[in-house]
1. Name every residue in segment 81-108 that is buried (at least 17 other Cβ atoms within 10 Å of the Cβ) and either among the acidic types (Asp, Glu) or within 20 Å of CYS36 (Cβ to Cβ) (or both), in order of residue number.
2. Using the structure shown, decide if VAL48 is surrounded by fewer than 17 Cβ atoms within 10 Å (Cβ to Cβ), modelled with pLDDT of 95 or more and out of contact with any Lys or Arg (no Cβ under 8 Å at 6 or more places or on another chain).
3. Within segment 1-116, which helices (runs of 4 or more DSSP H) (wholly inside it) include 3 or more residues that are under 18 Å from ILE133 (Cα atoms)?
4. Determine whether segment 92-100 contains at least one residue that is assigned by TED's automatic domain parsing to the domain that holds ALA33, in contact with a Phe, Trp or Tyr (Cβ under 9 Å, 6 or more places away or on another chain) and in contact (Cβ under 8 Å) with a residue 60 or more places away in the chain.
5. From the list ARG233, ARG207, ARG184, exactly one residue is of a type in the set (D, E, K, R) and closer than 23 Å to VAL156 by Cα. Which is it?
6. Please note which helices (runs of 4 or more DSSP H) are completely contained in segment 170-225 and include at least 2 residues that are charged (D, E, K, R).
7. Just one of (1) in contact with a Pro (Cβ under 7 Å, 6 or more places away or on another chain); (2) loosely packed, with under 12 Cβ neighbours inside 10 Å trips up ALA191, so point out which.
8. Just give me the residues in segment 14-45 being among the aliphatic types (A, V, I, L, M), surrounded by 12 or more Cβ atoms within 10 Å (Cβ to Cβ), in contact with a helix residue (DSSP H, G or I) (Cβ under 9 Å, 6 or more places away or on another chain) and over 22 Å from LEU149 (Cα atoms), in sequence order.
Amino acid sequence: MNDTVRLLRSHRSIRAFSGAVLDDAVVAELVSAGLCAATSSNVQATTVIRVRSEATRERIAALAGGQHHIVTAGAFLVYCADLRRAGRAAARHGAEAVVGMTEQFVIATVDVALAAQNTVVAAESLGLGVCYIGAIRNDPQTVTDLLELPDQVYPVFGLCLGEPAQDPEVKPRLPLAAVLHEERYTETTDALLAEYDDTMRTYYRTRSGGTKESSWSEEMAGLVGSERRPHMREFLARQGFTLR
């Protein structure tokens, strides 16, 4: 196993930071590394907004369910899917952008995820901690208003970066046999799910000192067994996405 693979396999979400502010040059270097990720048709549909204001961070932390590490991270970034810039480029050549296509929404969202993950790997290679904040989508309209995002731009997730003040264990992932299939899709067996459930119960029990008893299947029952952020469809339509 080389150093890159070892780094990728050591990823943890960090939710406690030293409080030290990350230098502008470091943030710029990390975001630049992220932007070197693959991008569909070179559309480069990623815009990153660094939020420095403590008041704005406090507001976002509250709507994200009280995730205070948004405030204490050395840098807090909001990754946005941005088709507005490509539309402006098209207008320079007399073309009017066709908006609202679901395929464009997928392209822009995937672009953002790839760029952010590149930034995460770059940050972890420097010994920094990271934590994605998908919960900014609890209230995407408020985030949009706070950051003054225009039509054809939407906030996909936040990203905390900073000097870690904790050293959690790596969370176990699904067995490879449940994910890597040959030639065609194969249903994951109950035996594999039971094996992973046992692994996760042990992980949670160890991590929490015995105060958390849960498994992956139990978590999925709560996650996919209920509606999640039903407001997103209407919000995306207001921002000019997924209309057709």
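The values are calculated or read from the model by the stated rules, or taken from the named source; none is laboratory data. Please read all numbers here as calculations on a predicted model, not as lab measurements. Every residue, glycine as well, gets a Cβ built from its backbone with ideal geometry; the counts of neighbours run over all protein chains shown.
1. ALA81, ASP82, ALA86, ILE107, ALA108, listed by residue number.
2. Taking the combined requirement at face value, the residue does not satisfy it.
3. 24-34, 54-63, 69-72
4. Yes, segment 92-100 contains a residue that is assigned by TED's automatic domain parsing to the domain that holds ALA33, in contact with a Phe, Trp or Tyr (Cβ under 9 Å, 6 or more places away or on another chain) and in contact (Cβ under 8 Å) with a residue 60 or more places away in the chain.
5. Step by step, each of ARG233, ARG207, ARG184 is checked, and only ARG233 is of a type in the set (D, E, K, R) and closer than 23 Å to VAL156 by Cα.
6. 190-207, 216-224
7. ALA191 satisfies all of (1) in contact with a Pro (Cβ under 7 Å, 6 or more places away or on another chain); (2) loosely packed, with under 12 Cβ neighbours inside 10 Å except (1).
8. Residues satisfying the conditions are ILE14, ALA16, LEU22, VAL26, LEU30, ALA33, ALA37.
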